[in-house]
Amino acid sequence: MDSPLFRRRAFLGACAGAGGLLFMGGALAWLRGSAPAVDGLLALTPQEHRTLVALCRALFPATPEFPHNADDADLARRFDLFLADEPPWNREDLKKALFLLEFSPVLAFRVSTFSRLDEPARLLHFASWQRSRVLLLRQAAAGFLRILSLMFYDDRAAWPAIGYEGPIHRAVTP
Amino acid sequence: MTVLDVSALATPPDVDAAVCIVGSGSAGATAAWVLAEAGLDVVVLEEGGDFTGPQLTGRDGPMYDQLYMDRGARTTSDLSITVLQGRVLGGGPVINASDVVPMHDGTARHWVKRWGLTDFSPEALAPYRDRALRDLSVNAPAEEQLNTNNRLLREGTRALGWRGEVMAHNRVGCAGTGTCLIGCPLNAKRNTRFVAIPAALEKGARFLTRARAVRIEGADSDVKTVHVWQLDPRGHHERALFHVRARTVVLAANALASAQLLLRSGIGNAHVGRHVSLQPQLPVTALFKQEVRFFRGIPQAYAITQHERFDDQQHGWWGFRIEAIAGTPGIVSTLMPMGGAEGKALMRRYPHVAAVLCLLPDDATSRLEVESNGRLRIHHGMDAELLGRAREAGKAAARAFLAAGAVEVMIPAVPPVVIRKEADLARVDAMDFAPATVPFLSAHQQGGIRYAPSESDGAAAPDGRVYGTRGVYALDSAGYPSSASSHTMTPIMTTARMLAEQLVTLLGR
Ligand SMILES: Cc1cc2nc3c(=O)[nH]c(=O)nc-3n(C[C@H](O)[C@H](O)[C@H](O)COP(=O)(O)OP(=O)(O)OC[C@H]3O[C@@H](n4cnc5c(N)ncnc54)[C@H](O)[C@@H]3O)c2cc1C
Ligand code: SF4
């Protein structure tokens with residue numbers, strides 16, 4: 001993906017602002033905690049992976065009519081694979097967006113990081129980005145939602161719940 | 001001669017040719033055919049791979065990854081518009097909707113009158129348009145090939161007493177798998193990949209795939225050197241640099257990529273990268289009680305033509321046009337405005353959903369910028385007037401669906417705009433279209449190297465030669481001063497053949 005998800009300077013500025021605030025409060029380490037090691041990650045750090053898993057679970061939870069979920073689809077792993085093949089500028093932008101997502105609840109005066117929020121709170125927080133007056137946050141939300149949705153609904157196991165039987169060309173190829 | 005996949009070579013060798021064409025799509029393949037037929041030694045560079053038949057698996061993930069520029073995720077810099085462009089041997093026609101809509105005579109007349117492009121008169125273009133239609137095996141879809149989505153749109157259009165049409169297409173032997181936008185597994189599209197490319201190969205043209213041109217050197221000297229990256233087999237990473245030396249370079253990489261290449265090379269005047277038309281498209285979905293199953297059958301066959309015209313003094317083609325559309329689950333889901341249980345519930349409506357795209361001719365005020373690392377920035381020029389037309393188009397689409405019996409119509413914005421009755425249309429009027437809240441699409445990019453009789457008005461002469469160069473030609477839609485048509489494949493094949501024939505004469509063949 002060569003899409004400029006974020007204006008670099010604005011992005012760096014926002015990250016620096018967020019990071020600076022957190023460091024000043026001496027809260028970063030405490031809030032972040034340590035993320036468990038994850039085998040075989042190509043592009044994400046364990047911390048970024050944890051944020052991403054939290055986001056994926058909020059966006060694609062199991063529901064009674066549609067039990068297939070983000071974990072079943074191994075969505076965070078797919079995203080990591082995707083990221084590994086991205087040009088460096090997009091990879092960096094998306095990683096910075098994950099950083100910002102993780103700590104942005106603090107900027108909204110919550111004593112929690114994104115991955116520590118419960119699922120409904122994470123979804124609400126994500127929706128606040130989607131509707132934010134800050135373009136950067138809307139862009140990040142739209143970017144994540146589009147990429148992750150494409151990956152989730154490309155998964156065969158998601159199809160029965162949406163009434164799609166999959167590509168039919170094998171049946172009709174002479 | 002065959003197609004050479006450069007990614008398979010240990011070390012790609014430098015190449016000499018008379019003509020180097022960048023891009024193998026509607027323009028590049030057509031030009032390669034004409035130039036090779038005239039006996040010129042032609043090499044075509046294509047950064048995509050070669051995908052046909054069962055390699056086109058109908059799966060969103062791998063197909064958007066492999067068949068689209070930037071894996072289908074290219075956007076304008078503010079994320080307002082997803083900018084779709086093919087990246088595969090054969091270019092856009094491999095993944096396009098196969099609608100054949102030639103340039104209207106009114107638009108050609110506008111180009112002559114408003115832009116001084118006297119070579120592009122309806123009379124001059126006619127034989128090349130006819131040739132393009134023959135090459136495309138143009139035909140009309142049979143009534144039984146219209147799926148429910150297209151029929152519902154027609155029903156609504158008729159109920160409102162509006163004009164509409166079943167669009168001609170270039171499918172032969174279509175079995176209605178519904179995956180046109182990620183390639184036809186049955187090779188049923190009579191497109192560049194199956195017509196122009198085999199013909200050009202037959203005449204000796206060489207096609208190199210996984211070969212990305214990044215710089216042209218010596219644009220004002222006799223022999224130009226094109227710097228080319230060998231890509232890895234999946235086309236994501238640049239591996240080794242090699243060079244193509246040629247006296248003539250033809251830009252046919254799709255409007256944006258052709259202009260990008262000039263900007264990266266520091267070639268051309270101040271008009272390069274400007275006057276870009278993205279022709280934004282607004283998606284509108286509708287929910288029906290009955291199953292629609294829009295994902296089967298020809299995705300795009302019916303259009304509401306009531307609100308378009310071709311003789312606008314300022315723009316030629318103007319107004320808006322509404323066309324049925326469908327997609328596989330992955331791509332459809334990218335239009336959905338929310339996640340969580342609510343998002344999943346929306347996707348569960350998939351078999352009952354119908355959809356259209358509202359095509360909006362624009363003012364060609366978008367512009368391009370290239371960063372030092374080659375990253376393309378696309379700055380769109382959607383202004384208040386265009387957004388006003390987007391609202392009108394959204395309302396017209398909603399009216400058509402409601403007239404066809406839709407339970408609910410939705411513009412998938414953040415927040416979603418839901419219309420259940422005429423009175424709800426005021427909600428569309430209230431939309432502010434803030435960037436990154438409405439999933440606009442672009443599939444027909446034009447401009448960026450505008451043709452103009454004078455260097456002060458454009459970046460290339462009407463014969464395609466880029467001003468300030470000796471022998472660098474733009475033969476794709478980068479030269480178009482305004483939107484040629486709602487669908488660009490046929491106009492591009494038309495003008496590329498005309499300009500390539502002129503080039504043959506210029507090169508003394
Ligand atoms: C989803 C979609 C649906 C469409 N539907 C229709 C339709 O139904 N009817 C219609 O008429 N038109 C349609 N179009 C538009 C039409 O297909 C394109 O406008 C047309 O093919 C453009 O022709 P082109 O030759 O300029 O570029 P393309 O056909 O896009 O070909 C350009 C080629 O150049 C290659 N390239 C780019 N940069 C480089 C580089 N630096 N080095 C090497 N190679 C490079 C690309 O990989 C690509 O294969 C659609 C487009 C899209 C994206
Ligand atoms: S609908 Fe027809 S042309 Fe399109 S992919 Fe299926 S068989 Fe091919």
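The values are calculated or read from the model by the stated rules, or taken from the named source; none is laboratory data. Note that the structure is predicted; figures quoted are calculated from it, not measured. Methodologically, a virtual Cβ is constructed for each residue, glycine included, from the backbone with ideal geometry; neighbour enumeration extends over all protein chains shown. When the accessible area is computed, the model is the full protein with side chains, heavy atoms only, and any ligands, DNA or RNA have been set aside. Shrake-Rupley method; radii C 1.70, N 1.55, O 1.52, S 1.80 Å.
Counting only protein heavy atoms and a 1.4 Å probe, tell me what percentage of segment B:217-349's accessible area is made up of carbon and sulfur. Reported share for carbon and sulfur atoms: 47 percent. Heavy atoms of the protein only, probe of 1.4 Å, neighbouring chains included. What is the accessible area of B:Val34 in Å², nearest 10? It works out to around 10 Å². Taking Cα centre as origin and charging only the Cβ of basic (Lys, Arg, +1) and acidic (Asp, Glu, -1) residues, the dipole magnitude of segment B:410-466 rounds to 220 debye. Of all beta bridges DSSP finds with both residues in the protein assembly as shown, what is the antiparallel percent, to the nearest 5? Here the share of antiparallel DSSP bridges comes out near 70 percent. Within the shell of other residues whose beta carbon sits under 15 angstrom from the beta carbon of B:Trp115, the net charge comes to -2, with Lys and Arg scored +1 and Asp and Glu -1. Within a straight-line Cα-Cα reach of under 14 Å, B:Lys289 can be paired with the following aspartates and glutamates, leaving aside sequence neighbours fewer than 8 residues apart in one chain: B:Glu408. Computed from protein heavy atoms with a 1.4 Å probe, the total accessible area buried between B and A is close to 4600 Å².
Shielding by partners for peptide B:77-83, expressed as the average number of C-beta atoms from other protein chains within 10 Å of each residue's C-beta, is 5. Summarising the overall dimensions of chain B from its C-alpha atoms, the Rg and Dmax are 21.8, 66 angstrom. Per residue of A:57-70, other chain Cβ atoms within 10 Å of the residue Cβ number 3 on average. By its C-alpha gyration tensor, with a ≥ b ≥ c as the square roots of the eigenvalues, how is segment B:123-177 shaped: rounded for a/c under 1.5, else prolate for a/b larger than b/c, else oblate? Cα axes put segment B:123-177 in the oblate bin. Applying the criteria of a DSSP loop state and at most 11 other Cβ atoms within 10 Å to the trypsin sites (Lys or Arg not before Pro) of segment B:93-137 yields no site. Bridging of A:Lys95 to lysines at a Cα separation below 28 Å is possible for B:Lys344, once same-chain residues fewer than 8 apart are set aside. Computed on segment A:72-174, with alpha-carbon pairs under 8 angstrom and 6+ residues apart, the relative contact order is 22 percent. With the Kirkwood sum run over all distinct C-alpha pairs, segment B:159-312 has a hydrodynamic radius of 20.2 Å. For chain B, the membrane-span-like helix rule (DSSP H, alpha carbon extent of at least 18 Å along the helix axis, mean Kyte-Doolittle at least -0.5) picks out B:384-403, B:489-506; this says nothing about an actual membrane. Give me the tail of P(r) for the protein assembly as shown as a percent: Cα-Cα pairs with distance above 38 Å. Looking at the protein assembly as shown, the distances longer than 38 Å represent 33 percent of pairs. Express the Stokes-Einstein translational diffusion coefficient of segment B:221-278 in µm² s⁻¹, to the nearest whole number, given a Kirkwood radius over alpha-carbon pairs, 37 °C and a viscosity of 0.692 mPa s. Once the numbers are plugged in, D ends up at 249 µm²/s.
Looking at segment B:361-456, the accessible area is 35 square angstrom per residue; that uses a 1.4 Å probe and ignores ligands, DNA and RNA. Evaluated with a Cβ-only charge set (Lys, Arg +1; Asp, Glu -1), chain B carries a dipole of roughly 820 debye about its Cα centre, given to the nearest 20. Projecting the Cα atoms of B:Thr469, A:Trp159, B:Val228 onto the dipole axis of the protein assembly as shown, where Lys and Arg carry +1 and Asp and Glu carry -1 at the beta carbon, places A:Trp159 farthest toward the positive end. For the peptide B:327-337, the mean number of other protein chain Cβ atoms found within 10 angstrom of a residue's Cβ is 6.
Measuring nothing but protein heavy atoms, the accessible surface of segment B:99-202 at 1.4 Å probe radius is 49 percent carbon and sulfur.
Taking all Cα pairs closer than 8 Å and separated by 6 or more residues, the relative contact order of chain B comes to 24 percent. Per-peptide packing, taken as the mean over residues of other Cβ atoms within 10 Å, places B:62-75, A:52-65 in the sequence B:62-75, A:52-65 from highest down. The accessible surface of segment B:421-493, taken with every protein chain in place and a 1.4 Å probe, is 52 percent carbon and sulfur. In a reduced charge model with +1 at each Lys and Arg Cβ and -1 at each Asp and Glu Cβ, segment B:411-506 shows a dipole moment near 180 debye about its Cα centre.
When a/c reaches 1.5 or more, the comparison of a/b and b/c decides; with that in mind, is segment B:59-207 rounded, prolate or oblate per its Cα gyration tensor? Verdict is rounded for segment B:59-207. Applying the Kirkwood pairwise sum to the alpha-carbon positions of segment B:7-102 produces a hydrodynamic radius of 15.2 angstrom. Excluding ligands, DNA and RNA, the accessible surface per residue across segment B:111-207 is 42 Å² with a 1.4 Å probe.
In segment B:1-155, taking the dipole from charged Cβ atoms about the Cα centre, the farthest positive-side position among B:Ala27, B:Leu117, B:Leu9 is held by B:Leu117.
Under a straight-distance cross-link criterion of Cα-Cα below 16 Å, which aspartates and glutamates are reachable from B:Lys224, leaving out those fewer than 8 residues away in the same chain? Once the sequence-local aspartates and glutamates are set aside, what remains near B:Lys224 is B:Asp14, B:Asp16, B:Asp41. The trypsin sites (Lys or Arg not before Pro) of segment B:214-251 that meet both conditions, a loop assignment by DSSP and at most 16 other Cβ atoms within 10 Å of the site Cβ, are B:Arg234. Per-peptide packing, taken as the mean over residues of other Cβ atoms within 10 Å, places B:255-262, B:369-376 in the sequence B:255-262, B:369-376 from highest down. Residues in segment B:215-306 average 32 Å² of solvent-accessible surface per residue, probe 1.4 Å, ligands and nucleic acids excluded. Loop-located chymotrypsin sites (Phe, Trp or Tyr not before Pro) across segment A:88-174 with a Cβ neighbour count of 14 or fewer within 10 Å are A:Phe109, with loop assigned by DSSP. Between rounded, prolate and oblate, where does segment B:263-347 land on the alpha carbon gyration tensor, with a ≥ b ≥ c its root eigenvalues, rounded for a/c under 1.5, else prolate if a/b exceeds b/c? Oblate, because a/c is 1.5 or more while a/b does not exceed b/c.
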